1. Starting from region 31-57, take each residue that is charged (D, E, K, R) and list its partners that are surrounded by 10 or more Cβ atoms within 10 Å (Cβ to Cβ), counting only C-beta distances under 7 angstrom and pairs at least six apart or across chains.
2. For a quick check of your reading of the model, give me the residue pairs whose first member lies in region 12-29 and is on the phi < 0 side of the Ramachandran plot, whose second is basic (K, R) and surrounded by 11 or more Cβ atoms within 10 Å (Cβ to Cβ), with beta-carbon atoms closer than 9 Å and at least 6 apart or on different chains.
Amino acid sequence: MVRCALGRPRPSFWLALHAALRADDRALHHRLLALRDAAGVARTVSALRVCDVVVWMGHGAERHACPR
């Protein structure tokens, strides 16, 4: 699902994501961890994994068939 949502991003995408997770005193990183905590997910789950699930759930809400 995430691959369908993002395709095959260029390396610059990952660099931009890394920068976003560190920007504003790590505001996005902290927000993802807050979502994790609100969902009652184990603290061993990383912010990046939470981001993965958010993309997956948001993309799946579009209700279309992703190519496999």
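Coordinate-derived values only; no laboratory data. Note that this is a predicted model, so its numbers are computed, not measured. Because the Cβ atoms are built from the backbone with ideal geometry, glycine has one as well, and the counts that use them run over all protein chains shown.
1. R36/V45; R36/V50; D52/V2
2. L28/R22; H29/R22
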